[in-house]
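Chemist: Sharing a structure here in structure tokens format.
Since every read-out is calculated from the coordinates, none of them should be taken as a lab result. As the structure is a prediction and not an experimental result, all values here were calculated from the model. All Cβ positions, glycine included, derive from the backbone under ideal geometry; neighbour counts span all protein chains shown.
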Amino acid sequence: MVGTYRDRWIECTPHEIRVRGYYFPWGTKVFPYSRIRAVRRLRLDLLHGKWRIWGTGNPRYWASLDPSRPRKQVGFLIDVGRPVQALVTPDDAAAFATVVGQHVDIV
């Protein structure tokens, strides 16, 4: 059985991850599980996106819109084989990891 996850900005369906607020002003980015090469869990800190509400300070990563990111401890980088990886910060990191882990290995 494949689970689902949903919070204000992120939705994990049985087929894809949908990230609202990825594009300006409110566009949604869709990551089909079949295209995801890897998902990497990371601890948010000053150098790893903790204070980045949206956008980038490093051209290799793009942080989706999340005004509550400074209060979060864990983020995930989604690699689909492009030069830029998406940084997402679900409200419930454990639930997100459980659902995504049914489709992709999380490192």
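Chemist: Please work out which residue is farthest from Val104 (Cα to Cα), limiting yourself to the range 6-43 and to residues that are assigned to a loop (DSSP other than H, G, I, E, B) and touching a strand residue (DSSP E or B) at 6+ places or on another chain (Cβ under 8 Å). Full working, then the answer.
Modeler: Step one: of the range 6-43, the residues assigned to a loop (DSSP other than H, G, I, E, B) are 7-9, 13-15, 24-26, 36-37.
Still in the running and touching a strand residue (DSSP E or B) at 6+ places or on another chain (Cβ under 8 Å): 8-9, 15, 26, 36-37.
Details: Arg8: 22, Trp9: 20, His15: 11, Trp26: 26, Ile36: 7, Arg37: 8 Å.
Ranking the candidates gives Trp26 first.
Residue by residue, here is whether (1) in contact (Cβ under 8 Å) with a residue 40 or more places away in the chain; (2) outside any strand (DSSP E or B); (3) of a type in the set (Lys, Arg) holds:
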residue	(1), (2), (3)
Asp45	no, yes, no
Trp51	no, yes, no
Pro59	no, yes, no
Pro70	no, yes, no
Ala86	yes, no, no
Asp91	yes, yes, no
Thr98	yes, yes, no
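Chemist: Additional query: Of the residues Thr98, Thr56, which single one is more than 23 Å from Pro25 (Cβ to Cβ), over 10 Å from the mean Cα position of the chain (by Cα) and polar (S, T, N, Q)?
Modeler: Thr98
Chemist: Taking only the range 72-84 into account, find how many residues are surrounded by fewer than 21 Cβ atoms within 10 Å (Cβ to Cβ) and not in a loop (DSSP other than H, G, I, E, B).
Modeler: 3
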